Amino acid sequence: MTEQQNPLLVDWTAPFEIPPFDRIEHRHFEPAFDQALAQNKQEVQEIADNPDPATFENTIDRLESSGKLLRKVSSVFFNLCGTDTNEDLQKIESRISPILARHYSEIGLNPKLFERIDRLFESQSDLDLSPEQRRVLERYHTDFVRSGAKLGSSEKDRMTEINARLASLSTSFTQNVLADEKGFQLVLESENDLRGLPEFAREAAATTAVENGLNGKHVITLARSSIEPFLQFSERRDLREQAFQAWVDRGVGDGETNNLDNIKEILDLRLELANLLGYRNYADFKLDDSMAKSSTAVSDLLNAVWEPAKQTAAVERDKLQDLIETSGENFKVEPWDWRYYAEKVRSTEFDISETEIKPYFQLEKMIDAAFHTAQRLFGLEFKKVEDLRLYHPDVRAWEVTDSEGTHVGLFLGDYFARPSKRSGAWMSGFRTQENLNGPVRPIIINVMNFVKGGEGMPSLLSFDDARTLFHEFGHALHGLLSDVTYPRIAGTRVARDFVELPSQLFEHWLSQSEILKSYAVHYQTGEPISDALVDRILRARNFNQGFATVEYLASAIVDLEIHKRDSRVDSEVLEIENECLQNIDMPKEISMRHRLSHFSHLFSGPGYASGYYSYMWSEVMDADAFAAFEESGDIFDPEIASRLKNHIYSSGSSEPPDLAYKHFRGRLPEIEPLLEKRGFLDS
């Protein structure tokens, strides 16, 4: 195959320079990776071998301009692996992931390259650098040191082997979880199996059945938007238990998809990597380059919320148990019972139920609500783009422009669950913003796993689904609004415990009555949601917050504890998980949000390892940040929104995150708004 025959290797001339999805075949990826890797190696070596003294321009600028082809090929490939994969792609992924890891490791360990960066870093006070250039130089120096650039030759060789092996293990982990998710279907055969399910849940299950070739039946899958409503409404306790066990047991089966050995090896290799770099454990290594800085600071935050959350959850549990007993049942509440009885308690206490709420939360209207909020805050406009050839028929596109009509970027939405897509919700990109070699505008995508509506029916969301949509759109705005020169600090390339601030902050606008009354419209009558129902929704915001906080915090605490270990794993993974939960007196009626066997945040890559606490660390900031709008009396206050855009959404990592927050808020965040938001503090 010649270069001109491979669509990944030629200029992309489609509108917005999107990848030529309609011409890309699986066979194109490996030769494209081969050429892109070779090109990048040559680019980097030319920089390292340059006989001229190191300057910012001939070293950092050149590094930032290198690897463009590799980024293009990788962005298409790995986005498809997450959203529309198959056996062919998975085989390529298993082969290419360790090769890429080895490639990037060798760059980070290149002695000549690091010598140039180190000289620039040590002499930066003598260089005429802008603040952004200083920040980029600092990040490069930190990246190389943390990659092992100061190690001896044998340690560097071992570091390369560790990174390659970790990449293979993470790929295997991800594919195992996806296989378990694809492999489970709870087929509801009779009316007895459907007892308790409201019409919207039945229609969604019928649509899922059709998609799986089971016309006339109803199917529950392990997609969160499928299984959670089932656990919430099904009167069949035996089926709830069956579905729940399949959900929490992903990755622990007896077959090839068991992830426990993978996890043990990943943990051991991460410890070895940290030790090579001079850290006692992996948590110390990861947190050293975060806002938190130390596991002590993280533990202090998690512990500050754990006891109040557990106390609240105990009160919630007692209410559920009382309801079970007054209903004439004789069993203790179990994890597969919690959502079912919590829905009944919520209906009683707040005169509200999901069946009443959900008809008002149409996917299309919630997308419009997110767009409207972005327009009010940042002056953005979203225009639907038709006739783009994207990677799947369900994917749609919008051109994003600013208040002056200037192109900002392209936003893609991939909202529906399918067997070829991994579970969860996330933001990614096919192109990152930069201004180094002329303006480059981003292509950003949000991926969800909502259940499609039936024939002629809209896709109806739960309030939590709608919040997820707003959350991921907050990430998307972080990528779209990026306005920096250098790719290294663009968009979401910020500290892990800062990256959730733009997303979690954006969630707050969904709960505002101004948004709800405008966009929560009944799908049958067209009537806007009533003031009375909005009031009940808002009053119920903190309902079940003890449960939600405990299931999240348990996962965050276990993540931190397993990565604080300073010795190799000498017991079974599930034993370690149980020991951690026993140490914090985990309520037996609540399961971790993510058990280790399918905890993709931790084991599908290193991103959130020792960092799952980030959601709560960022929540301290997002609650405090939204309080600034509330204090002003205008949730769209233009002056505050301008500071928010300039210092949070547009600035990438051009300054340290604590400084960025202070520039926005005038001070560092306080924890009280978080405790009040979750209902653990009297307002």
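The values are calculated or read from the model by the stated rules, or taken from the named source; none is laboratory data. All values reported here derive from a predicted model rather than from experimental measurement. Cβ placement follows ideal geometry from the backbone for every residue including glycine, while neighbour counts extend to all protein chains displayed.
Could you list, in sequence order, the residues of the stretch 530-549 that are aliphatic (A, V, I, L, M) and at pLDDT below 95? Outline the logic, then answer.
To start, the set of residues in the stretch 530-549 that are aliphatic (A, V, I, L, M) comprises 532-534, 537-538, 540, 548.
Hits for the stretch 530-549 are 532, 533, 534, 537, 538, 540.
Here is a list: 597, 591, 651. Which entry is in a helix (DSSP H, G or I) and crowded, with 17+ Cβ neighbours inside 10 Å?
Details: 591 fails: in a helix (DSSP H, G or I); 651 fails: in a helix (DSSP H, G or I).
Unique residue meeting the criteria: 597.
List every residue pair whose Cβ atoms lie under 6 Å apart, where the two residues are 6 or more positions apart in sequence or sit on different chains, the first residue falls within the stretch 43-68 and is of a type outside the set (A, V, I, L, M), and the second residue, located anywhere, is assigned to a loop (DSSP other than H, G, I, E, B) and surrounded by 15 or more Cβ atoms within 10 Å (Cβ to Cβ).
The qualifying pairs are 43/66; 58/50; 64/486.
Can you give me the ranges of the helices (runs of 4 or more DSSP H) entirely in the stretch 214-305 with at least 3 residues that are at pLDDT 95 or above, surrounded by fewer than 20 Cβ atoms within 10 Å (Cβ to Cβ) and over 22 Å from the mean Cα position of the chain (by Cα)? Steps first, please.
Details: elements: 224-233, 237-248, 260-276, 282-287.
In the stretch 214-305, 237-248, 260-276 are the helices (runs of 4 or more DSSP H) which contain 3 or more residues that are at pLDDT 95 or above, surrounded by fewer than 20 Cβ atoms within 10 Å (Cβ to Cβ) and over 22 Å from the mean Cα position of the chain (by Cα).
Being without any contact (Cβ under 8 Å) to a residue 40 or more places away in the chain and touching a helix residue (DSSP H, G or I) at 6+ places or on another chain (Cβ under 6 Å) is the filter here; which residues of the stretch 257-292 pass it?
274, 279
Please specify each residue of the stretch 309-318 satisfying the condition of being surrounded by fewer than 17 Cβ atoms within 10 Å (Cβ to Cβ) and either touching a Gly at 6+ places or on another chain (Cβ under 9 Å) or in contact (Cβ under 8 Å) with a residue 12 or more places away in the chain (or both).
Taking the stretch 309-318 and keeping what is surrounded by fewer than 17 Cβ atoms within 10 Å (Cβ to Cβ), we get 311, 314-315, 318.
Within the stretch 309-318, 311, 314, 315 meet the criteria.
Would you check if residue 607 is farther than 30 Å from residue 372 by Cβ, at pLDDT below 95 and either in contact with a His (Cβ under 7 Å, 6 or more places away or on another chain) or outside any helix (DSSP H, G or I) (or both)? Working first, answer last.
Working: farther than 30 Å from residue 372 by Cβ: yes; at pLDDT below 95: yes; either in contact with a His (Cβ under 7 Å, 6 or more places away or on another chain) or outside any helix (DSSP H, G or I) (or both): yes.
Spelling it out, residue 607 is indeed farther than 30 Å from residue 372 by Cβ, at pLDDT below 95 and either in contact with a His (Cβ under 7 Å, 6 or more places away or on another chain) or outside any helix (DSSP H, G or I) (or both).
Select from the stretch 427-469 the residues that are basic (Lys, Arg), at pLDDT 95 or above and not in a strand (DSSP E or B) and write down the one among them that is surrounded by the fewest Cβ atoms within 10 Å (Cβ to Cβ). I'd like the intermediate steps shown before the answer.
Residues of the stretch 427-469 basic (Lys, Arg): 431, 441, 452, 467.
Going one step further and asking which of them are at pLDDT 95 or above, we end up with 431, 441, 467.
Those still in the list that are not in a strand (DSSP E or B) too: 441, 467.
Details: 441: 20, 467: 18.
Taking the candidates together, the pick is 467.
Can you say whether residue 495 is over 19 Å from residue 373 (Cβ atoms), surrounded by fewer than 23 Cβ atoms within 10 Å (Cβ to Cβ) and among the hydrophobic types (A, V, I, L, M, F, W, C), as far as the supplied structure shows?
Values: over 19 Å from residue 373 (Cβ atoms): yes; surrounded by fewer than 23 Cβ atoms within 10 Å (Cβ to Cβ): yes; among the hydrophobic types (A, V, I, L, M, F, W, C): yes.
The answer is yes for residue 495.
Residues checked against (1) farther than 29 Å from residue 242 by Cβ; (2) surrounded by fewer than 21 Cβ atoms within 10 Å (Cβ to Cβ); (3) more than 25 Å from the chain's Cα centre (by Cα):
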{"site": "346", "(1), (2), (3)": "no, yes, yes"}
{"site": "351", "(1), (2), (3)": "yes, yes, yes"}
{"site": "363", "(1), (2), (3)": "no, no, no"}
{"site": "368", "(1), (2), (3)": "yes, yes, no"}
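Filter the stretch 13-59 for residues that are farther than 28 Å from residue 389 by Cα and of a type in the set (D, E, K, R) and give the result. So that I can check it myself, show each step before the final result.
Here is the first cut: in the stretch 13-59, the residues farther than 28 Å from residue 389 by Cα are 38-59.
Listed by number, the residues that qualify are 41, 43, 46, 49, 52, 57.
So which residues in the stretch 319-341 are part of a helix (DSSP H, G or I) and either closer than 22 Å to residue 243 by Cα or in contact with a helix residue (DSSP H, G or I) (Cβ under 6 Å, 6 or more places away or on another chain) (or both), if there are any at all? Quick ask: steps written out before the conclusion?
Here is the first cut: in the stretch 319-341, the ones part of a helix (DSSP H, G or I) are 319-326, 335-341.
Across the stretch 319-341, the qualifying residues are 319, 320, 321, 323, 324, 335, 336, 337, 338, 339, 340, 341.
So if I check each of 210, 187, 177, which one is free of Cβ contacts under 8 Å to residues at least 40 places away in the same chain, assigned to a helix (DSSP H, G or I) and over 25 Å from residue 332 (Cβ atoms)? Talk me through it step by step, then tell me what you get.
Values: 187 fails: assigned to a helix (DSSP H, G or I); 177 fails: free of Cβ contacts under 8 Å to residues at least 40 places away in the same chain.
Exactly one residue qualifies, and that residue is 210.
From the list 365, 344, 358, 384, pick out the single residue that is of a type outside the set (A, V, I, L, M, F, W, C), on the phi < 0 side of the Ramachandran plot and assigned to a strand (DSSP E or B).
Working: 365 fails: assigned to a strand (DSSP E or B); 344 fails: assigned to a strand (DSSP E or B); 358 fails: assigned to a strand (DSSP E or B).
Unique residue meeting the criteria: 384.
Quick check, is residue 488 in the same structural domain as residue 370 (by TED's automatic domain parsing) and at pLDDT below 95? If you could, list the steps in order and put the result at the bottom.
Values: in the same structural domain as residue 370 (by TED's automatic domain parsing): yes; at pLDDT below 95: no.
When the stated conditions are applied, residue 488 does not pass them.
So is residue 414 assigned to a strand (DSSP E or B) and farther than 16 Å from residue 479 by Cα or not? Quick ask: steps written out before the conclusion?
Values: assigned to a strand (DSSP E or B): yes; farther than 16 Å from residue 479 by Cα: yes.
Criteria met by residue 414.
So if I check each of 101, 38, 54, which one is farther than 30 Å from residue 445 by Cβ, of a type in the set (A, V, I, L, M, F, W, C) and modelled with pLDDT of 95 or more?
Values: 101 fails: farther than 30 Å from residue 445 by Cβ; 38 fails: farther than 30 Å from residue 445 by Cβ.
The conditions single out 54.
Among the residues of the stretch 466-479, count how many are of a type outside the set (A, V, I, L, M, F, W, C), over 20 Å from residue 392 (Cβ atoms) and touching a helix residue (DSSP H, G or I) at 6+ places or on another chain (Cβ under 8 Å). Don't jump to the end; show me each part of the working.
So the first thing to find is which residues in the stretch 466-479 are of a type outside the set (A, V, I, L, M, F, W, C), and the list is 467-468, 471-472, 474-475, 478-479.
Imposing the further condition that a residue be over 20 Å from residue 392 (Cβ atoms) reduces the set to 467, 471, 474-475, 478-479.
Applying the additional criterion that residues be touching a helix residue (DSSP H, G or I) at 6+ places or on another chain (Cβ under 8 Å) yields 467, 471, 474-475, 478.
Going through the stretch 466-479 one residue at a time, the tally reaches 5.
Kindly evaluate residue 136 against the criterion of being over 23 Å from residue 160 (Cα atoms), of a type outside the set (Lys, Arg) and surrounded by 19 or more Cβ atoms within 10 Å (Cβ to Cβ).
Details: over 23 Å from residue 160 (Cα atoms): yes; of a type outside the set (Lys, Arg): yes; surrounded by 19 or more Cβ atoms within 10 Å (Cβ to Cβ): yes.
It is true that residue 136 is over 23 Å from residue 160 (Cα atoms), of a type outside the set (Lys, Arg) and surrounded by 19 or more Cβ atoms within 10 Å (Cβ to Cβ).
Taking the stretch 500-532 as the region of interest, how many residues are in contact (Cβ under 8 Å) with a residue 12 or more places away in the chain, among the hydrophobic types (A, V, I, L, M, F, W, C) and out of contact with any helix residue (DSSP H, G or I) (no Cβ under 7 Å at 6 or more places or on another chain)?
Qualifying residue count for the region: 0.
Can we say residue 551 is closer than 13 Å to residue 467 by Cβ and either among the acidic types (Asp, Glu) or surrounded by fewer than 16 Cβ atoms within 10 Å (Cβ to Cβ) (or both)? Talk me through it step by step, then tell me what you get.
Numbers: closer than 13 Å to residue 467 by Cβ: no; either among the acidic types (Asp, Glu) or surrounded by fewer than 16 Cβ atoms within 10 Å (Cβ to Cβ) (or both): yes.
Criteria not met by residue 551.
Please work out which residue is farthest from the chain's Cα centre (by Cα), limiting yourself to the stretch 190-207 and to residues that are in a helix (DSSP H, G or I) and surrounded by fewer than 22 Cβ atoms within 10 Å (Cβ to Cβ).
Step one: list which residues in the stretch 190-207 are in a helix (DSSP H, G or I), which gives 199-207.
This time we only want the ones that are surrounded by fewer than 22 Cβ atoms within 10 Å (Cβ to Cβ), so: 199, 202-203, 206-207.
Working: 199: 31, 202: 29, 203: 28, 206: 29, 207: 27 Å.
Among residues in the stretch 190-207 that are in a helix (DSSP H, G or I) and surrounded by fewer than 22 Cβ atoms within 10 Å (Cβ to Cβ), the one farthest from the chain's Cα centre (by Cα) is 199.
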